[in-house]
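First the structure, in the form of structure tokens, and then the observations on it.
Since every read-out is calculated from the coordinates, none of them should be taken as a lab result. Note that this is a predicted model, so its numbers are computed, not measured. Positions of Cβ are generated from backbone atoms using ideal geometry, with glycine treated the same way; all protein chains shown enter the neighbour counts.
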Amino acid sequence: MRVIAAVCLVVLLALAVAYHAVWFGAAGADLAFALYGALVVTYIASRFALSLAYRAPRDAGHEPRVAIVVPAFNEQDGIAASLRSLLAVDYPADKLELVAVNDGSTDETLARMLEVADDAPRVRVIDLGSNCGKRAAMAVGMRATEAEILAFVDSDSTLEPDALRRLVQGFADARVGAVCGHAEVANVDASWLTRMQLVRYFVAFRVVKAAESAFGCVTCCSGCFSAYRRVAIVPHLDAWEHQRFLGAAVTFGDDRALTNRVLRDWKVLYAADAVSHTAVPVTLRQFLRQQLRWKRSWTRESLILARFIWRRQQAAALQAYAGILISLVAPVVALRSLVWLPLAGHRGLPLIYVAGIYLMALTYGLYYVVRRPRYDWRWIYGIAFCFFYLAFLLWQTYWAIATARTSSWGTRPATATGGAVPQPAGVVPKPSEGTA
């Protein structure tokens, strides 16, 4: 099956080139749209090619001292499992510490943290007392340790046993300032929506991040599981924690913003073999709010990235600028193809455009089949996701740009620390340390 899928994938990539030649040379298409079509084909094909040549950082036997910081707000259902998965990683106990930061949760998150800490001396629990925001919680966790490598795992994520060991191998290269792990969907069969996200996550990491890693310029170290060299982020910690955009405090997009800080002076890599499993939104309402938040942070950080990436790596800069341009123009192309051209009398062209979307979706789905170690029938949901994207997510782009100053998460209180450094309510001590 995988061989057949591989052959089909090559054929589809060839058809994609032919398709765009026909579509953007068809009646009603002008030079600008023809150039856009050529850009899309070149951009997608180059990412696939780079991802196929990608290799994870080799095992150099590197074992730096690591602190894993886990900020959590109202995560009572998943925080204990996340912390226990971190305790089970294959890494020297004397070189690993866990810092769990409770960001003013109103549920049983703190109690769940303490339950784990009662049985594990390596878990240090910090309670902020009130909700200060994820960035503040992360910053408190970073300041609470002197570890050489600072790793972050979302409170709804778990790690495979060898994930941390594989992730830190990238830091054997002294030029590397951050490494991003690979994220798989943990609750894949929870709903039709989670199944659709399965292929999307796989492509986002194994194609997009793998292609960026070829140049040492991964533009977003996912909050699911990533690590940073301490000396690469400490000089930027205050500026990152209290970042403002167009006069408003920034309360989300911490992973992309932190990556941007490091990327200015350091290489940033992707480790495909350092695997985490993360829970994704189950309902449409949760998902659309998450995607809008991500698009807002993409808007802000893309403006910042565009100002310096050309000085870091020219090939990576071309990829970054092409990705930004395609994202900004895509809604216009869709509107023109599905609305304007039919009104202008080109009745058959919308079907050609939709066929192109299907072709792209099938390409991603087959890539998923080829690259997975075992056949997974759920790849077909990746095709459905492309049409779901066209129907819903594509049109969020301009709204996200227009509301980029907002500080609302949409799924949690919008709290910012302003200019003050939050003071923890206390480091919760172990029973052996004589707590009350």
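Annotations
- The relative contact order of the range 66-304, computed from alpha carbon pairs under 8 Å that lie at least 6 residues apart in sequence, is 24 percent.
- Dividing the convex hull volume of the alpha carbon atoms of the range 64-165 by its residue count gives 81 Å³ per residue.
- The chain, relative contact order in percent, only Cα pairs under 8 angstrom and at least six apart counted: 22 percent
- Residue exposure sequence - 106, 42 - by fewest surrounding Cβ within 10 Å: 106, 42
- Dipole magnitude of the chain, debye to nearest 20 (Cβ charges: Lys/Arg +1, Asp/Glu -1, about Cα centre): 1500 debye
- Shape category assigned to the range 98-238 from the gyration tensor of Cα positions, a/c cut at 1.5: oblate
- For the chain, the residue among 286, 309, 216 whose Cα projects farthest onto the positive side of the dipole built from Cβ charges is 309.
- Global geometry of the range 167-218, whether rounded, prolate or oblate, following the gyration tensor of its Cα atoms and the 1.5 cut on a/c: prolate
- Burial ordering of 54, 36, fewest other beta-carbon atoms within 10 Å first: 54, 36
- For a straight C-alpha distance cut-off of 17 angstrom, the aspartates and glutamates reachable from residue 95 (same-chain residues fewer than eight places away being disregarded) are 63, 146, 148, 162.
- Within the chain, the whole DSSP H helices whose Cα atoms reach 27 Å or more along their own axis and whose mean Kyte-Doolittle score is at least 1.0 are 2-23, 31-53, 314-335, 349-371.
- Cα gyration tensor shape for the chain, rounded if a/c is under 1.5, else prolate or oblate: prolate
- Per-residue [θ]222 nm for the chain (sum of -39500 (n - 2.57) over DSSP H runs n ≥ 4, rounded to 500): -15000 deg cm²/dmol
- Charge dipole (the chain, unit charges on Cβ, about Cα centre) - positive-most of 388, 34, 398: 34
- If the Kirkwood radius is taken over C-alpha pairs of the range 66-304, then at 4 °C and 1.567 mPa s the Stokes-Einstein diffusion coefficient equals 72 µm²/s.
- Ranking 120, 268, 149 by Cα position along the charge dipole of the chain, where only Lys, Arg, Asp and Glu carry charges on their C-beta atoms, puts 268 farthest toward the positive end.
- Full extension of the chain segment joining residue 60 with residue 334 gains 93.9 nm, where the gain is 0.36 nm per residue of separation less the Cα-Cα distance.
- Residue 175/residue 398 FRET efficiency (R0 41 Å; Cβ-Cβ; nearest 0.05): 0.60
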